[in-house]
Structures are given as C-alpha cells and as structure tokens.
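All remarks here apply to the structure that follows.
The values are calculated or read from the model by the stated rules, or taken from the named source; none is laboratory data. It should be emphasised that the depicted structure is a prediction, and the values quoted were computed from it without experimental measurement. So basically every Cβ, Gly included, is an ideal-geometry build from the backbone, and we count neighbours across all protein chains shown.
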Amino acid sequence: MERTARCDDDAPEGLRAGIDQFNRGEYWECHETLEDIWRGEPDAVRYLYQGILLAGVGLYHLRRDNRRGALSKLRAAHQLLAPYAPTCMGVDVARLRDDVGRLLDKLTAISDQQSAVSSQQSAGSVPSALVIEDRLIAIKFVE
C-alpha cells in the first residue's frame, strides 16, 4: 500500500459519518458505514477507510471482552493506517495510530501478565479498567 494523491481531498460524507459513529462508540455502525465506502472505492485510499473500520472493530471486540479479536484487528488497523500518516483527507492518522499503538501495548502487557497467573483466572477476560479505555481513542480532523 502506498499513500495516494486522494489524501489531499476533503473527507467524503461517508467517511465523516463513520468517524462520527466511531467517536460516539458506535463501532458496529461505524463498521457498516465504512464497509460500504471501502468496498466501493477503487483508489488506494480505501485502505484508510479499512484501517479506521478495523480500529473500530478492534474496540468493539475489546468492549465485548474478546482480547484476542481486539489484538488482531487493532494490529491490522495500525499496519493499514501507516502509509496515510500524518494526515489523509483531513484525518489525523498519526494521532489515531499513536492511540491504537498505545492500546496495543497495554493489551499485550495484560496478555503477558495473564499468561503468568494461575489457570483459575479467566483467560479471555479484560480488566474492567481497560474496557473503558476505548473512549479515549477518538478520530480527529486537523484544522
């Protein structure tokens, strides 16, 4: 994937709608909205849409205590978004990648800690203090 000249364009309505849903924590709805524009986009900017979509899906999995699913989707999002930093279509991609990276670090640390504890503890559970962390990740537009 390479950065595209379309990054200089304004964000289309569907992307803005998906980002609004993401920022409200409506990750399933964000997925549905961005999937429609991602699938219909022939330009490589489609991977920006897909990266944001996967970040939302990762947070959706985290909210549902599916740490493995969250890690998988957040890692994929982090990688897909890389060519579009620092900004694309007015989206502060660098900040989003930093936020996703920070969350990945925390989830990985928790995974490592839980691997070391007894099998009596639920391996799939996510500490409640981290579940609300998804609210700290918001997609911003640069001014």
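Computed quantities for the displayed model
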read-out	value
Every residue from segment 85-105 that is touching a residue at least 24 places away in the same chain (Cβ under 8 Å) and under 18 Å from ASN23 (Cβ atoms)	THR87, CYS88, MET89, GLY90, VAL91, ASP92, VAL93, ARG95, LEU96, ASP99, VAL100, LEU103
Given (1) crowded, with 16+ Cβ neighbours inside 10 Å; (2) over 19 Å from LEU74 (Cα atoms); (3) of a type outside the set (Asp, Glu), number of the condition PRO42 does not satisfy	(1)
Inter-residue pairs, beta-carbon under 6 Å, first more than 11 Å from ASP43 (Cα to Cα) and in segment 1-22, second of a type in the set (A, V, I, L, M) and in a helix (DSSP H, G or I), 6+ apart	GLY14/ILE37; GLY18/LEU34
Residues located in segment 31-48, provided they are farther than 19 Å from ARG95 by Cα, part of a helix (DSSP H, G or I) and in contact (Cβ under 8 Å) with a residue 12 or more places away in the chain	HIS31, THR33, LEU34, GLU35, ASP36, ILE37, TRP38
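Quick grid of which residues meet (1) under 21 Å from GLY14 (Cβ atoms); (2) surrounded by fewer than 17 Cβ atoms within 10 Å (Cβ to Cβ); (3) at pLDDT below 95:
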| site | (1), (2), (3) |
| --- | --- |
| LYS73 | yes, no, no |
| ARG102 | no, yes, yes |
| GLN121 | no, yes, yes |
| GLU133 | no, no, yes |
| LEU136 | no, yes, yes |
